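The values are calculated or read from the model by the stated rules, or taken from the named source; none is laboratory data. Given the structure is predicted, the values throughout are model-derived calculations rather than measurements. Here the Cβ is made from the backbone with ideal geometry for all residues, glycine too, and neighbour counts use every protein chain on show. Quick note on the areas: whole protein, heavy atoms, side chains included, nothing else; ligands and nucleic acids left out. Shrake-Rupley method; radii C 1.70, N 1.55, O 1.52, S 1.80 Å.
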Amino acid sequence: MENALMMKKVLRLAAKASGMTSPNPMVGAVLAKNGKLIAEDYHRKPGTPHAEALVIQKAGEKAKGATLYVNLEPCCHTDKRTPPCTKAIINAGIKKVVTGMKDPNPKVAGKGIEELEKAGIKVISGILEKEAEKLNEAYIKYIITRKPFVILKVAMTLDGKIATPEGESKWITGEKAREKVRRLRSSVDAIITAIGTVKADNPRLTARIKGKKDPLRIIIDPALETPLDSRILNAPPETIIITEDTGNKAKKIEEAGVKLIHYTGRLDLKWLMEKLGKMDITSVLIEGGSSLNSHALEDGIVDKVMFFIAPKIIGGKDSFPAVGGKVFRKLSEAYKLKDINVKRIGEDILVEGYLK
């Protein structure tokens, strides 16, 4: 019971750095002795001290004989900007370490626990393991596959529409749902949208949350139709355009400081995810229209869906559906979700789950 209570605290600490630690995981740590809290802290961003090092430094001599609670197996390798936490734990005289999960990073993967046990430290692993894995689901996928974790987000009416025939979509959902989406944006490395959304809404796709970062923006724009005065191009941080165009238009937009990634033929989103993974992008949020949503599902890149459903009905066969495209699946072959969670967000309903 004490281990679980302490791990809940650790997970809350780790979550404070949501969106700030990539490509590192979110990690919190607590030091306790005789049931009393000695120190607590969390990893802030890449290149800064890890959570374990922070609490050991805070505790000083009090760390000797204490128990360390941490949501991820302590690191033991030197292929990074900070020293291995296992050495600091051993040197501090900590007697027990309780972890939420093993680190899937092949450079760690149980070696950190092994090193601690060889030093005579008792290690208990797997406390609130599912919660620990969910917190760092993007890190886990990226470190294993070197591809980003992909979330497909949709805001739609009760009858499954995302816009009227004229393209009107502001605002389908209420303010609380939109605030949730802004927080979601701040938690990912990049947002992918398509030229249709850029032309229709002229969005910024920023989080606009004090103290949180804005994501990189990626526009799928085959013919390079993005206007240079678009808000998405003129708000930090960087915007990247994925295009087939290699002519004068491309040169002009590159001269304006916009990065282009070129492709030929049909855009393979799996290929794009590999490209983004090589750029250390660990998580992606898709915020597009019917076509992009269907493209992402067809290419099999979506890990998680978040559908915000407003209690409104638009109607009309020409209104835009949440998922369009020419390809459809039989009921027996429909995309199915697992680990489904349904909750009320203000006046709207959020349905989220993972693709099987």
Quick one: if you take sqrt(5λ) for each eigenvalue of the C-alpha gyration tensor of segment 142-283, what semi-axes come out, biggest first, whole angstrom? 24, 20, 16
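With respect to the cross-link table entries 134/210; 107/213; 9/180; 36/122; 9/96, which display a Cα-Cα separation exceeding 21 Å?
134/210; 107/213; 9/180
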Suppose the chain between residue 341 and residue 202 were pulled fully straight at 0.36 nm per residue; how much longer would it get relative to their current alpha carbon spacing? 46.9 nm
Roughly what % of DSSP beta bridges within the chain run antiparallel, to the nearest 5? 40 percent
For segment 137-194 and segment 234-295, what is the centre-to-centre distance using only Cα atoms, to the nearest Å? 17 Å
Please list 208, 185, 12 from largest to smallest accessible area, probe radius 1.4 Å, with all protein chains kept in place. 12, 208, 185
Would you kindly find the accessible area of residue 42, with a 1.4 Å probe and non-protein molecules such as ligands, DNA and RNA excluded, rounding to the nearest 10 Å²? 40 Å²
Could you list the chymotrypsin sites (Phe, Trp or Tyr not before Pro) in segment 166-274 that lie in coil according to DSSP, counting only those with at most 16 other Cβ atoms within 10 Å of their Cβ? 171, 263
Segment 251-341, convex hull of Cα, quarter of hull surface, nm² -> 9.5 nm²
State in Å² the accessible area per residue of the chain; use a 1.4 Å probe, count heavy atoms of protein chains only, and round to the nearest integer. 50 Å²
Keeping the other protein chains in place, figure out the carbon and sulfur percent of the accessible area of the chain, with a 1.4 Å probe. 53 percent
In segment 276-356, how many lysine pairs have Cα atoms under 23 Å apart, counting only pairs 8 or more places apart or on different chains? 17
Rounded to the nearest 10 Å², the 1.4 Å probe accessible area of residue 295 is 40 Å²
Options [x] -0.26; [y] -0.20; [z] -0.30 for log10 I(q)/I(0) by the Debye sum over Cα atoms at q = 0.06 Å⁻¹; the value derived from the coordinates is listed as [x]
When only DSSP loop residues count, what trypsin sites (Lys or Arg not before Pro) in segment 231-301 have their Cβ near at most 14 other Cβ atoms within 10 Å? 266
